[in-house]
Structures are given as structure tokens and as C-alpha cells.
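The values are calculated or read from the model by the stated rules, or taken from the named source; none is laboratory data. Just so we're clear, the structure is a prediction, and the values are computed from it rather than from any experiment. Here the Cβ is made from the backbone with ideal geometry for all residues, glycine too, and neighbour counts use every protein chain on show.
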Number of protein chains: 2
Amino acid sequence: MNLNIREFSTGSDGFLTELESLLAWDSVSDLSVQDAVTNIVNQVRQHGDASVIEFTNKFDRRQVTSAAELEISREEMAAAKLRVSDELTASLEAAAKRVHDYHERQKQPSWQYQEADGTILGQKVTPLDRVGVYVPGGKAAYPSSVLMNVMPAKVAGVGEIIMVVPTPDGFVNDIVLAAAYIAGVDRVFTIGGAQAVAALAYGTDSIPKVDKIVGPGNIFVATAKRMVFGAVGIDMIAGPSEILVVCDGKTNPDWIAMDLFSQAEHDEDAQAILISPDKQFIHDVKASMERLIETQSRRDIIKVSLENRGAFVHVKDMDEAMDIANIVAAEHLELSVDEPEKWAEKIRHAGAIFMGRHTPEALGDYCAGPNHVLPTSGTARFSSPLGVYDFQKRSSLINCSSEGASALAKIASPLARGESLEAHAMSAEYRIIDEQTAGQHGE
Amino acid sequence: MNLNIREFSTGSDGFLTELESLLAWDSVSDLSVQDAVTNIVNQVRQHGDASVIEFTNKFDRRQVTSAAELEISREEMAAAKLRVSDELTASLEAAAKRVHDYHERQKQPSWQYQEADGTILGQKVTPLDRVGVYVPGGKAAYPSSVLMNVMPAKVAGVGEIIMVVPTPDGFVNDIVLAAAYIAGVDRVFTIGGAQAVAALAYGTDSIPKVDKIVGPGNIFVATAKRMVFGAVGIDMIAGPSEILVVCDGKTNPDWIAMDLFSQAEHDEDAQAILISPDKQFIHDVKASMERLIETQSRRDIIKVSLENRGAFVHVKDMDEAMDIANIVAAEHLELSVDEPEKWAEKIRHAGAIFMGRHTPEALGDYCAGPNHVLPTSGTARFSSPLGVYDFQKRSSLINCSSEGASALAKIASPLARGESLEAHAMSAEYRIIDEQTAGQHGE
């Protein structure tokens, strides 16, 4: 199958402008979506379970009559797991263990230290009380997403994990429930869309209010998450998934072709870009792609995504490739090169770096250990993979000795008066123990 | 001055409902503000410097003709510092040093580990390239905010720090510039409002595009920050400041009165609540407040804030006080009690915990060391003080050995096929080195 994929060269005029327009992704928030979501969120906030049931019956074509029917118990999750093949169960368990072990290293301890005058300063780290995990339902059900969103919360020590997953027409995905069981989800509700987000954010009689909502979803879910942000925490709102493969030209072109496909097959908006200093290699990969795409069940999606948003970029050398990788700040960066450690050192911005010819993104998507929820659309410039740190929060600790307080008050007082905050100054000055300045207190 | 402040008792009917309505704070986003900000952001995004100059002249009543006039050089910052009193400069420098030293402990290192089969997993931590710090101008200028927002970025190793501060009618605050100089701000622009946020988010010819914008601002600034979120990172959007003081009744009532005032004097929406198991003590504090308020230059603000949003809460005992503190999840929690360490252990949610009778919030606001940018309105349930971690981001590292890749591929392949993602499966299977399964590659 012929593939019409953009080819760039860094040597050509206007390269950076072309690159910028290739990468551009503005998540347009449709006004009609905004209105619909506002209505759903307000209804659920006001009428609780009744509205959740109403919207669920309407959008998921169900006939629920009581909120109790919306819950799936741990026993039902266990039963679903028994219906999943042994091979798949073993893979889920192996993946869960690896993801757990990697995330264990992200746990942050509390700390404190004492100063010479006895004042103690510190940072107390605590897990969130309760977290909601949104899992898309229907055709595109991703059990791997269940593991990736739930495991860091478990490792953080979150008290209770509530999962929501819509079951359109009542269809329940056993693999998703098996993943939920293995990951240790406490409660599952078969609801989705903006109504699920609103229920988690504000609570209903049956669905407990959570402190943070994570997990991917369609435009209604994303819009609802943005709307409830502040009442609860949310994770990053993701754009389309993307990969940037940098190859020195010495990897099997079929491997690189398939690595690019594995990104492109997600959806029509996914982005797969190959950078190489070897022009012949780019042509070899293209030939591989045109041959291999015939074998792909998702070839229609792959073709659209590659032709709309894919690209081959020919660079002068590997240093230039690293410069471009830092401009792109890709969600997934694959360094299919010799000495990947050396090149990874030059990378400042990327969600995850897949190093060497034996590290395709697909391994990271499922089971290498690191999280597959990663910053998209260049947001790796300022944000991080989902991690244990997203389910812990910090409280500063300040415990002044009387001597320490007195010394600090003498610093704070002029600053407070410099800001015309007199009560701040006086509150500090009350703690000054030096007799000579004690007179200021009641001024 | 008589103060009409709410009094609650946990013993009375409907206490929790009353508490909830006391704490309720919905940040209403006015449609007219939304429209105005949308227009400003779009104009600046399209016309760059020209629009920034236009809005600055209009809103700040200035007569700027070229973008170069908007910048304040490091030399001018140094000159401003010389105009500030020695006492204030010394306080700024002492505060900066303490804030720096505390935040040093928040720095997170990169890490990696090797598995038995040679696969390396890790997490690379890098600072942001460039950060914008918004500093409000005009009357309410807070040099302490400059230190608190800039120091964690400096400690994180951010490459360049750009500060924006509006100068209405051309009025420049020397203390703010001195703080910027001491904190190590690289460039200062005298712009503010939504136009400053847009300029930082998208860049203009003169104002560099940043990766994240932090710092407090009015409703226009907050709305603009929400709007550009995604293009750049932002910090939390803060609600009104609040304090919850828990006192066992053994602290000087004047001290507690002034600690409450120091919160209430911020603005009319600020919230100051006292919890005590000692009813007589609550009356003593109230008497202190009614006496001391006469001495306060900001007494009108203090009175409105206390009468609208303040409260005294009488509890059964200290355990109950801790339960309520966890419901409130206060920005500032003061434990003015014996054995504060013991009680702090029971606190799960608070921005900062001020422990003991010698630790008024004011010390933390200026110079104790921890950050004064803290989660408000109960968001301490899921978020943290501003810190070094807000200016660092993480990239996952995955470097599979050929043996490791083969083992992982056997886990990933069934999971990918379970999700109907065939290219993911094949991309993984290419890396299987077992001869018996190698035949699957070209299926």
C-alpha cells in the first residue's frame, strides 16, 4: 500500500516553521460539548443518584432502576478474572508486579531537621484519602490503563480506590475487571461520561466523593474533569498519543516500521515521527511500512494517522537529532541507536525515553514498569509521567523553639511592615523574647 | 469594637452542615471577565508586542512606545535594592537564605536500577528551561511572594526566570525589585494582567515564551492562567487565604487574637477560625480581639473578614479538634497546644502545620523556610505547597537488554492482543529471541 508521508530535511528553508505546524495541536473545546457537560455536572451535583441513573440509562442504553445496580463487587471482579484466559491473567499479574516494583521507588518519605536553636522544619508526606479512576468502556477497553492508573495510587497508600467504567448496552469487559481485581481497586461503578466525573467530584448517596480523578476519557470526560478541577484534583488532560523515533540507521527497518505503526494504530490523530541522519534508512523504513501495512488489521487508522500527522525527518547528525527531540518534547522518545545512554543525557524533555534497539514503546505501554500515562503535545517541557507523587501530597512542618521564634520574628517584622501588614508584624513581634523590643507589642 | 463572629459547637445539631457552608467557596468565573480575557489573550497571541504595549498603556495608564521600555535590567534591580533600607535588605537576604536552605531538601535526584537480565529502568529528573513569575503590582505589592515563587525555581536549577510585575501609572516598587535581585530573577518586565500571562505563554518578539507560569494575581490573571494551561504549566489557582488555629486554651489570648488578625487582614474574603475545647478561652480570645482591633490600621478589612467568614468552634476535646482540622484541610493550621508533635501526627490534610505556641503563621509567611504558597479552600486534600518539585519534571528511562526485551515481549504480546492492538503486539514480538516463537514475527 502506498503511503504518502511527509518528508522534511533540517537543511531546507523554513524547517522549524514546518516542524512547528506539524506538532501543533490545539484541543478545541466545542461550545456545545461545554454546554452539555455543564448541564450534566449541575444535574448530578443537585440530584445525585437520580441524575446519574438517568444519564446512564440514556447514554449507555441501560435500564437501571436503583443505584445499587451500578456497583460491581470485588466478588464479581474475581469471577470475571476466572473467565479470562490463563495466559492473559498471567500477563496481567506479571505486568502489575513490574509496575508496582518500579513505582515503589517513587515513594517519597516525610523528612524533618532541627536547627541549632531547636526549631524544627520538615515536610510531611501523606497519601490521598480516596481516588477515582476513570476507565473508558465499550470497544476500546484498555486493561493496561487500569493497571497504570491504579498501581501508583496503591503504592502511594491511597485509602480507597473507586473505579468507574461505562458499560454501554450492559456490556462488561472481563479483562478490565480482572485488571481492577489484580490492581486492588476497592469499588467499581458501571458509569461513565461527564456524569461519572461529576458523581466522583461531588459524591452522591451511593457513589463516594473522591479527592482526585485520574484516567483517560473522551471529550466529555476531559471537559468534565476540567470543570470539576478545584473541587477535586485531576491528572493531566491528554492530547493524542505520539512517538518520536530517533534511529542511527542500524536497526532492522521492519522493527522501526512496526514501532511507528504501534503509535499510529491508536487513532487517526496519533503522531509517529522518525528522525534519522541516514536518508537511505528512511527510505528503507518507508518500504517496510508500505509492505507491512497490508498485514495490519488497523491499517485504515494507521494510514490516516501517518499521512495526516506522521513525518520522516532527515538530520545532519545525531546531535541535531537531539536538538529536535528537545524541541518536540515527545510523549514517547525511542532512541534506537548505539550507546543510547550517551544520547539520552542530551535529552531534557520527554515523557519516557526508550533506549536501544530492544526497547520498543510497546514494552513500556504494558509491562516494563514505568507508567504509560505520559505528558503529550510537548507538555513534557513542564510535566511528568503519572506517578506515586500524584497520589501523595505534602504538608510543611514548622515548629519554632521560643529562641528560634524570637530570631525569626526579628526578620519577619520589617518584611511585614514593608508590606503594610501590621497584624502579621505584631503576631510575630509577640514572640520576641528580647526585653528591649518587647515594648513594641502593644504599640 | 464589638465583633459579631459566628460561634459553633460540635455538640449542636447540624454542626457539620453549618461547617460545610462556612467553608464553601466557589470561585465564580464571571462571563464578562471570561470574554475580556479571551480577547486579550487572542490579541497578544496574534499581535505580540504591539498588543502588550496597547493593553499596558490602557490598563496601567502608561505611555510606552517601544517594547524595550517594558524591561527592567539587573542593574536597575540592583539600584532599587540600594534605595531600600538596610534593615529591610538584611531581612530580605536572611529570608531568602532560609527559604533557599529549606527548599534544597526538596530537590529530587535522578535514579536508575539494573535488573538481573541487564535491563535498566530509571527516572531522569530535569529542571524546567524557563519559568515566568507573576507578581502583583500597585498598592498590594508583596516582596515575600517574589522570594517564595522564585527561590524554589532557582533551587530546582531552572535555566531562566522571567518576572512580570505591572507598574500602574509607572509606579515601581523598590522592595519588589530588591527581592527579585536577591532571589536571582534574570529578567523583569513591567507588564501585568491577562496580557502579561498571554505574553509569557506564547512569547512575543521581546518577551520570551516560558514553560510554566506561577504566582498570584487578580481574577483576570487567574482566568488567563486557566486559559493558557496546556500551552504552559501553571501553579494552583488560589482561593482566599485561610487559617485554622487549634488552641488548648493555654496560649496568651492576645497572641491567638493577633494570629487570627494576621489572616483576616489579608482581604475581606480571608478566613480565620479558632477551635478550642475551652469555652472560656474562646471568650477570652474574643475579648482580646475586641480590644486589639482598635490598634489595627487594617481594622475595617479585619472586621469584615471575621464577621463574614470567621468562626469560633467549641469542641469536646483535642481528638475532635483534629477530626475537624482534617475536614477543613486548612491552608494554614496552627496547633497552639502542648505536645504539638503528637497532635500533628493525626493531621492528614493541611498546607502547612504551625506547631506550638511560638510558631505563628506570620513567621512562615516570611522567613521560617517553607513556602508560603499553599493549597487553599480544602485543596490540601490533594495538593501541596509550591516547591522545588513544581520546577522539576521527570522522564522515565527504559533500556532493555535483548534478553530482558524478549521476556517482556512475552508478557506484552497477549496484553496487546487482548486490547486488539496488533501493531503493539508485533512490535514487541520482533524482540523475542526464542527461536520457537520467532516465527510469529511476520504473521
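Just one of the listed residues (B:158, B:150) is over 19 Å from residue B:375 (Cβ atoms) and either assigned by TED's automatic domain parsing to the domain that holds residue B:332 or in a loop (DSSP other than H, G, I, E, B) (or both), and it is B:158. Tell me yes or no: at least one residue of segment B:105-119 is touching a Pro at 6+ places or on another chain (Cβ under 9 Å), of a type outside the set (Phe, Trp, Tyr) and either more than 26 Å from residue B:179 (Cβ to Cβ) or not assigned by TED's automatic domain parsing to the domain that holds residue B:279 (or both). Yes.
Screening the candidates B:395, B:420, B:427 for the property of being at the interface with chain A (Cβ under 8 Å from one of its Cβ atoms), hydroxyl-bearing (Ser, Thr, Tyr), surrounded by fewer than 24 Cβ atoms within 10 Å (Cβ to Cβ) and more than 28 Å from residue B:146 (Cα to Cα) yields one hit, B:420.
Among the residues of segment B:171-190, those identified as in a helix (DSSP H, G or I) and over 14 Å from residue B:215 (Cβ atoms) are B:174, B:175, B:177, B:178, B:181, B:182. In segment B:17-33, which residues are loosely packed, with under 14 Cβ neighbours inside 10 Å, assigned to a helix (DSSP H, G or I) and within 14 Å of another protein chain (Cβ to nearest Cβ)? Hits for segment B:17-33 are B:20, B:31. Residues in segment A:40-89 that are in contact with a strand residue (DSSP E or B) (Cβ under 6 Å, 6 or more places away or on another chain) and of a type outside the set (D, E, K, R) were compared, and the one that is surrounded by the fewest Cβ atoms within 10 Å (Cβ to Cβ) is A:72. Count of segment B:41-77 residues, restricted to those that are part of a helix (DSSP H, G or I) and either of a type outside the set (Val, Ile, Thr) or without any contact (Cβ under 8 Å) to a residue 40 or more places away in the chain (or both), is 22.
In the set (1) modelled with pLDDT of 95 or more; (2) touching a Leu at 6+ places or on another chain (Cβ under 7 Å); (3) facing chain A (nearest Cβ under 7 Å), the condition left unmet by residue B:333 is number (3). Scanning segment A:91-109 turns up at least one residue that is aliphatic (A, V, I, L, M), touching a residue at least 12 places away in the same chain (Cβ under 8 Å) and more than 9 Å from chain B (Cβ to nearest Cβ). Among the conditions (1) in the same structural domain as residue A:197 (by TED's automatic domain parsing); (2) charged (D, E, K, R); (3) out of contact with any Gly (no Cβ under 8 Å at 6 or more places or on another chain); (4) modelled with pLDDT of 95 or more, the only one that residue A:62 does not satisfy is (3).
The condition (being assigned to a helix (DSSP H, G or I) and either assigned by TED's automatic domain parsing to the domain that holds residue B:360 or aromatic (Phe, Trp, Tyr) (or both)) is satisfied by just one residue among B:257, B:224: B:257.
Selection of segment B:362-392 for residues being in a loop (DSSP other than H, G, I, E, B), of a type in the set (S, T, N, Q) and at the interface with chain A (Cβ under 8 Å from one of its Cβ atoms) yields B:371, B:377, B:383, B:384. Just a yes or no: is a residue in segment A:341-361 in a helix (DSSP H, G or I) and within 30 Å of residue B:374 (Cα to Cα)? Looking through segment A:341-361, none of the residues is in a helix (DSSP H, G or I) and within 30 Å of residue B:374 (Cα to Cα). Count of segment A:191-221 residues, restricted to those that are farther than 22 Å from residue A:393 by Cβ, of a type in the set (Ser, Thr, Tyr) and either part of a helix (DSSP H, G or I) or touching a Lys or Arg at 6+ places or on another chain (Cβ under 8 Å) (or both), is 0.
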